Each structure stands twice: as structure tokens, then as C-alpha cells.
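Remarks on the structure that follows.
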Amino acid sequence: MEQILKVEHLEKYYGTRGNVTKAVDDIGFEVQKGEFVGIMGASGSGKTTLLNCLSTIDAATAGHILLEGTDITRLKAKQLSKFRRTKLGFIFQDFNLLDTLTAYENIALALTITGTPASEIDPRVKHVAEELEIGDILAKYPYEISGGQKQRVACARAIVTKPALVLADEPTGALDSKSSRMLLESLETLNDDLQATILMVTHDAFTASYCRRILFLRDGMIFDEIVRGQDTRKQFFSRIIEVQTLMGGDNSNVL
Amino acid sequence: MFSKLALKNVTKSMKDYTVYFLTLMFGVCLFYMFNSLDSQAAMLQISQSQQETLKSLSGIIGYVSIFVSVILGFLVVYANGFLMKRRKKELGVYMTLGMPKGKISFIIILETFLIGLFSLTAGLVAGIFLSQGMSVVTAKLFESNLSKFVFTFSGGAFWKTLVYFGVMFLVVMVFNMMSVSRLKLIDLLSAGHKNEKLRIRRLWISVILFLLSVGCLATSYYLIEKNGIFLINNRFIASLLLGIIGTLLFFLSLSGFLLRVVKSNRKLYFKGLNMFVLRQFNSKINTTFVSVSVICIMLLITIGTLSTGLSVSQVLSKDLRTACPYDVTMMGYPGHQETESGSTVTVVSPDDEKNIDILASLKKAGIDLSQYSDSYAQVKVYEDKTVPYGHFLTKDNWPQIMGEYSEENASSSRMYLIPLSDYNALMKMQGKPSLALASDQYAVNCTYENLIPAYQRAVQNGTAITIDGKKLEPLKTVLSIGYFDSSSGSDIGTLILPDSFFGTKKSAVTYLNLNYRPGTDAETADSSLKSASINSDVFPFACSFVSKKATYERANGSKTIASYLALYIGLVFLIAAAAVLALQQLSESSDNAERYGLLRKLGAEEKTVNRALFTQVGLYFLLPLSLAVIHSAVGIDTVNKALVTVGKMDILGNIIMTASIFVVVYGAYFLATYLGSKSMIRQKEIYRRRE
């Protein structure tokens, strides 16, 4: 298997000398091509900081992040935007679709930013839309479609540029359970059919149960790691709950 | 505590809306400067009549100021509404914290007061200093000198500015209190999430509307071109209405039309952020098209007043040398002489025209012209049995000054005749060689530039005339000697005939032209001759008096008035229009920060994002301006055509001047808006990385 992402001794400190918060404290892991990895942890465990570092939105204090062999902690600002538009796909909690653009145009936007030739845009948008079953709402504006549909449009936008890594930040956070299920199934499809490598941050055990492997963060460090293997989703879900119980969840300091 | 909050809010919004505060300041500054004009007289060496001009100018400016304050008032209320809308969330937070509405009102009122205080103080200080510089300009326009530099301060203008702007801010306070009392918490907290409903969905509707708007505008242009600008009738009103409707439709449909056009070219549409920019533009124009149309019309007024206002005044003062070749002209004609008590006496009946002899009347009254002058001549002008203008002029070159061309008009309006000897007396006065005519020859005199070519063609072709049954051949060149002073017109064509034709004819008008002896005080001489001219004991007929000096000064005065009014109105409209545009864009940019942030997250380069923003802001500034330029091109053309009767306008110079004012003022607003928006959409976390 080809290695897509390698994180080595990543550290991210906030604050000044004497008052330092270690948001990410010496984290290291690898992601292979075609993996669907989840990162779980309570609020304040450092998962969003980790994602921000990975997505180059924030700079790491120390350590290295290698994506397809490139150390992105050493990229210059100009290379960063190029890196983001060619190698990464984003799915945000609050969809982040442009309300002035139709669903079709929202997806096409990611392609126009990468400078894809106009003739290629239409087939690629249509293909991704088909895969995510949103072909019939492409002409609609974001305010005309449901939350689940919006998030699938966002998925399509993230995947249409064929990025090396799709970063999903609480993608089901703003969805009801039915829409969540549909979205996660879509992500699974993307993962299975299109071999998309997905790194998903969530605090929801149900959402995480769709992943193949899960990293648990606590206080900026990797607390545990579990792999789904041959388990059914239900079994995997139980194991996730077990780890969460062990970690103590949000209330560990209260008990 | 609350005052502290208000003060902090003011400083924060000042930073975000510098453009607005600067505009306010500039408005106050202009207001003071123009209203303090009369107090500047202290510095100037000007004559009585110029002082009167200055007085009437400040009178007019007083009235215009009411209008200006209404415009600025609208700007303030509008801008304030914008600021309030932007702060809904903040007010919502106050309310969730349990702050009573009274307290919120108090904070808002305090803020308005602080903003008013700040802009008034800064504007007045700037105005007081800048008005000193304006005296120099005034002196130049009056063609007089600054006697000495005196630091002038106009208390009247000061208080007037305070009261006018004070009232404006009071109105704003009332508006704000009303909007605070209408606040609902639920609306406040979700204020940021409301989507704008698209009013026009279908792009083909935009295309139809766009074509309709072009049709409206074209018809409007056609009507105004045909009708002329000074004739207010149904056609004029129709043109105006169509222009307004066309402008509104144009901006309503433009973005959709553009989108449709660009969309049909996929290469262009899918290039970079084109799609994003067009959609951005399209999404807002539906709610802003009214204000953009109003801005377009305001810009039209600015361009119109600046370029034609100055040109008109130039036309009025231009060619005074040809319009007033003599120091004084007295014109006697049959009619009523107004006495000093205001009643009129008819002295000469039209049948008695022969009696109009200015020189003889002066002599009879014991007024000795030789005390002023030794160069004067009397010219008698005849109308009897002459040829009509239609003999020389055709429909194409018919001067508007004589009304609409018609067959009847062309054959009934008759050319004046002058005896050769009278004409030669004038030539002698002007130091020119005398004219010689054969006994069957006539000459044409015309000082009205635009008609000279037509006459020239006619005499070249040997157009003969018949008077008293006698045929006369033309002199082959058109003469161009003014035979009277006039402040308003020139000679549109007069025939010079040998004296033998005038034996028994009655003169219609008699002119006495006079040049003062060098060293004569023109002002006193003018006034004594003028008082004679209206004295029915001296002249038993109507007499009008025109002096070169007075005409010059009047022309300069009207030039000054027109220039100042054009500048005042033009500048106020310009800054108001630009400020509204800037505010719209700035407030939109703060809404758009999220959108542009997303583009960055998607990996769009800084340069590309900035270019998209530049295009978006640029479109908003450029489009109303472009249409305004097209409108004003038509407008200026019609004004030009209307003024052709008076003289040619030097429009180019003024257009260049207007354009430079635009480049500086409008350009500055554009730049400020772009830079302001850029800093607003910049998301800090992206930059944290490489610091």
C-alpha cells in the first residue's frame, strides 16, 4: 500500500513562554492510500488543531507533515495555496457552500480554481454528482436544498479535484440522523469506489463507526488506536464506545 | 460604562468606515466653504457691481445649500441605516445580556452624537482653512487682485453649518431610536444568516429586460436630441421618464444579461473566479439596482454641471471683444421711455421714426459728448422694403435664435439694412479702411460665426437682391464688423447698401457707438451716460444702454456664479454618490469575508482572490459611471447644440477638467473601498502561519 500521509512528532503550542498550552503534543501517525481514518476526541483534545495543521490553515510549532512525500510544514505561503487546491479536499461542518452559486457551480468552482480546462469541467462535475446521487439538484441554489444535500454537494466539491487527501471536519455535525447516515454512506462509496483517502474528525461514535481505523486523542496526545478489520459496523461501534468509556469522555475530570 | 462602550464602538466603526467619515467631513467642509463666500470680499479689490455679484452668488448658494443639505442628509441617513444593519448581531448580544432598550438607545444616540461632533469639528476646521485658499480662486475668477491677506472667518456660515448638520444628526438619532425600538431579538441573532431572495430567476427575462432598457434609452436619447434641452414640453418629459425607466431596467437586468452572455461562453465562464465574481455581482444587484440607478443619475448631474456649467459661463464671457467692440452703445428705438417715477410716456409713435436721433437729442439736452470721447458714430438701421433671411439662409443653417424654421418665418423675418456712410464711420472708429461699393452693389455683414460660411457661399454664388425695384450684386466677401455692443447676441446678418437707397426711408433703430478717450474713468462716464439714456427729458424715445465695462463685469460675474455653483453641486453629488457606492461595497465585503475565506481554503491564490475582489468592486464603481458618461455625452451634445446660437463652447477643456476631478475623487473612493474591502476579507489565521 502506498503511503499518503505521514505525521512525525507534530507539536502545536499556543500562548507565550510561561503560559503554554500544548494543543497537539508530539503526535505521529500514518495514513495509507484509500484509507478512511477517523480522529475522535472530546472538545479540547486537539483534534481541530491537528486538522488545521494538516490542512495548512495553521502552522505547526514543531514536527513534520509529509503528504505524498512533500513536507508541508516547509512550504512557502505561495506554494501552500497551490498545495491546498491540488492535494486537499475539504468538507466542513457548516457546508460552506457559496449561496450565490448553484450546486453545479459550487462543484465547478473547485475545478476552475485549479485551472481545469473548461471542456473537462462538465463531465467531471456530472460524474461526481452521479456518484453522490445529487445529479437532479445541480441547478438549484443552496437555499433550495436540504442540509444533507448541501453536505453531499460539499463532498462532491471536495472530491471533484481528485485530491490526495479529503479532510472532513465534523461533516455530520449539522445534520439530522437520516441525512447523517446518507452522507456517511456517500463517504463510504467515495472511499470504496473512487479510492478516496479520507481523514474525518468527529466526536460522534456513530459517525466514527463508518471509518476503517480510528485514532483517539486526549490532551493533545494519541490515547488509543483501533482498526475495524473484519468487524461489522455495529461491533466496531461497540468497541468505539468501550474506548470512549475508558477515556472518560468529557466528564473524566468531574468523576 | 455605557459611554465607554459607545466611544469604543465609534472608534471601531470609524476604522471600518473611514470613507464615510471622510465624506461627512468633506461635506461639512464644502458646505462651510461655499457659504462663507461673501465674507471673503474683505480680501478682494472688487468694484461695486462685482460686490453685487458676490452678494447674489451667496444668495443663490444659500438656496442651493438647502438642496445640498437634503442630499447630504439622505447620505447620512442611508449610511447610518447601513451601519445599524451591520450591527444587528452586536445589538442582539446587548439584548441577550438583558440591557434594556432605553440603554441601547442611549448608547446609539451617544454614538451618533460623537460621530456628528467629530465630523463637524474636523470638517469645520478644514473648511475654515480651505476657504482662505478659495479667496484666491475667487479673485482669479473676478480677474481682480487680492488686496491683502486677511484670515477670514464667517460666523454666519459657521452657525449655518452647525444648525444644518445638527438637524441632520438629530434626524438620524430619531431614525436610530425608531429602529432600536423595533428590534426583535430573534431577528437580531439570526441576522447574518438570511439569504437574499433572488428577484429575477430566469436569465432570459434579464435578456428581454436588458433589450427593453436599451430600447428605452435609445428612444430617450432620440427624443432629447430632437427636442433640444431647453424646450420643456411633453417630448422632453417623455425623454426624461424613458431615461429613468431605461436606467433602472438597465441595472436591474445588466448582471443577468452579463451572466447569460458569459455563461454561453464556457471557456470564459469557467476561467478562474469569473463565475464567482459574476454571481457575486448578480446576487446583490437585485437589491441595489435602485441605488445604483440613483447613483448613475447623480453622476450624470455631476458630469453635466461640471462640464456644461463651466462651458456655459465661458460661452457667455467669450468673444466679448467681438460682442462689445465699443466702450458704449446707446440704442434708440420707438417705444416707451420709462421715467424715474416708474410711469411710462410714449413719446415717439412708430410713424415718427425719423425723429430718433441720439446725437441730436443729446445736443439738445446740453450733454457734451466731447468731455468723454472724440470717437463716436451714429448708425441708422433700416428695415423698410428689405429682403427676408430666407433669401440667404436655408432650413439647415437657420439660426435657432429666430425660432423654428418655417417657410413663413423664412420669408417674413427681414434683414436689416445699413447705409454705407454710416458703416464707414464705424470702420473709421475701429481704425479700418473704409468700404467702397458700386452703386449697384451690396455687402453682407455678419458677426455670428456659425452663419458666416452660409453667407459666404451665397455671395460667392453671386446671389443678387432686389430693393426698390433695383437689382444689386453682392460684394464677394462677407464683412464681419460689430456695429453695436451687445451682451447677449451678435449680428446674424445685415446688408450694407449705397446711401442712395435710403433717401426717404425711416430708420428702425439708431445706434450710437462711442469710445472713451484714454484716461476717462469708465465707471463715472458710464453712469452719467446711462442716467441720460433713461431720462425722458433727454430722449423722447426708448433707449437702451450697453457698456463694455459693465458687460465684462456681468459676464465675469455670471461666470463666477456658474463656476461656483457647478463646483458646489457637482462635488457634493460626486462625493455623495461615491460614498454610497463605497459604503455598499464595504458592508458587502464584511459579509463576504466568509466567501472569500472559503475561496482561500479551497486553495485560490491570494493574487486571484484579490483580483476577484478588485473586479467586483470595480464593476460596481465602473458600471454606473459608464452609463452616466453615455447619458452625459448625449446631454452635453444637446446643450452644445442649443448653445450654438450663442457661440461655440470649448467643451473639450472642461471635459478634461471634469474627467480629472473624477479620476481624483472617484478614483480615490474606489481605491479606498478596494483597500478597505481587502483588509476586511483577509482572514488572519492564514497569515499566522509564516509570521
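The values are calculated or read from the model by the stated rules, or taken from the named source; none is laboratory data. None of the values given here were measured: they were computed from a predicted structure. Cβ: placed from backbone, ideal geometry, glycine included. Neighbour counts: every protein chain shown.
Brief remarks on what is shown
- The condition of being assigned to a loop (DSSP other than H, G, I, E, B) and under 30 Å from residue A:83 (Cβ atoms) holds for only one of B:604, B:612, that being B:604.
- If you filter region B:268-280 down to residues that are within 9 Å of chain A (Cβ to nearest Cβ), under 20 Å from residue B:623 (Cα atoms) and touching a residue at least 60 places away in the same chain (Cβ under 8 Å), you find that the one that is nearest to the chain's Cα centre (by Cα) is B:280.
- When region A:147-168 is filtered for residues that are in a helix (DSSP H, G or I), among the hydrophobic types (A, V, I, L, M, F, W, C) and in contact with a Ser or Thr (Cβ under 7 Å, 6 or more places away or on another chain), only A:155 remains.
- Flag for residue B:582 being within 22 Å of residue B:17 (Cα to Cα), among the hydrophobic types (A, V, I, L, M, F, W, C) and in contact with a Pro (Cβ under 9 Å, 6 or more places away or on another chain): no
- Just so you know, in region B:54-66 the residues that are in contact (Cβ under 8 Å) with a residue 24 or more places away in the chain and closer than 14 Å to residue B:161 by Cα include one that is farthest from the chain's Cα centre (by Cα), and it is B:62.
- Only one of the numbered conditions (1) closer than 22 Å to residue A:106 by Cβ; (2) among the aliphatic types (A, V, I, L, M); (3) more than 14 Å from every other protein chain (Cβ to nearest Cβ) is violated by residue B:292, and that is (1).
- Some residue of region B:61-69 being of a type outside the set (A, V, I, L, M), more than 15 Å from residue B:561 (Cβ to Cβ) and surrounded by fewer than 22 Cβ atoms within 10 Å (Cβ to Cβ): yes
- Counted residues, region B:249-267 - those being hydrophobic (A, V, I, L, M, F, W, C) and at the interface with chain A (Cβ under 8 Å from one of its Cβ atoms): 0
- Out of A:22, A:82, A:76, one residue alone is closer than 30 Å to residue B:265 by Cβ and either within 10 Å of another protein chain (Cβ to nearest Cβ) or at pLDDT below 85 (or both). It is A:82.
- Checking each residue in region A:117-146 for being within 13 Å of chain B (Cβ to nearest Cβ), part of a helix (DSSP H, G or I) and either of a type in the set (S, T, N, Q) or touching a residue at least 40 places away in the same chain (Cβ under 8 Å) (or both) picks out A:119, A:142, A:143.
- Hits in region A:92-116 (condition: more than 8 Å from chain B (Cβ to nearest Cβ) and either more than 18 Å from residue A:183 (Cα to Cα) or at pLDDT 90 or above (or both)): A:102, A:103, A:104, A:106, A:107
- Per the conditions (1) more than 7 Å from chain B (Cβ to nearest Cβ); (2) assigned to a helix (DSSP H, G or I); (3) under 23 Å from residue A:194 (Cα atoms); (4) not hydrophobic (A, V, I, L, M, F, W, C), the sole criterion not satisfied by residue A:89 is (2).
- Residue A:56 fulfils the conditions (1) within 14 Å of chain B (Cβ to nearest Cβ); (2) surrounded by fewer than 23 Cβ atoms within 10 Å (Cβ to Cβ) except for a single criterion, (2).
- Consider region B:199-248 and keep the residues that are surrounded by 15 or more Cβ atoms within 10 Å (Cβ to Cβ) and within 14 Å of chain A (Cβ to nearest Cβ). The one that is modelled with the lowest pLDDT is B:200.
- Qualifying residues in region B:253-284 (those that are over 28 Å from residue A:120 (Cβ atoms) and surrounded by fewer than 23 Cβ atoms within 10 Å (Cβ to Cβ)) - the one modelled with the lowest pLDDT: B:284
- Some residue of region A:187-200 being closer than 30 Å to residue A:11 by Cα, among the acidic types (Asp, Glu), surrounded by fewer than 16 Cβ atoms within 10 Å (Cβ to Cβ) and at pLDDT below 90: no
- Residue list for region A:38-53, restricted to those being buried (at least 22 other Cβ atoms within 10 Å of the Cβ) and of a type in the set (A, V, I, L, M, F, W, C): A:39, A:40, A:50, A:53
- Set B:477, B:447: member being touching a helix residue (DSSP H, G or I) at 6+ places or on another chain (Cβ under 8 Å), without any contact (Cβ under 8 Å) to a residue 40 or more places away in the chain and closer than 30 Å to residue B:514 by Cβ: B:477
- Any hit, region A:114-130, residues being closer than 11 Å to residue B:602 by Cα and surrounded by fewer than 21 Cβ atoms within 10 Å (Cβ to Cβ): yes
- Only listed residue being more than 20 Å from residue A:168 (Cβ to Cβ), of a type in the set (S, T, N, Q) and touching a His at 6+ places or on another chain (Cβ under 9 Å), chosen from A:73, A:112: A:73
- Residue that is farther than 24 Å from residue B:30 by Cα, surrounded by fewer than 20 Cβ atoms within 10 Å (Cβ to Cβ) and either within 14 Å of another protein chain (Cβ to nearest Cβ) or of a type in the set (Gly, Ala, Ser) (or both), where the choices are B:597, B:603: B:597
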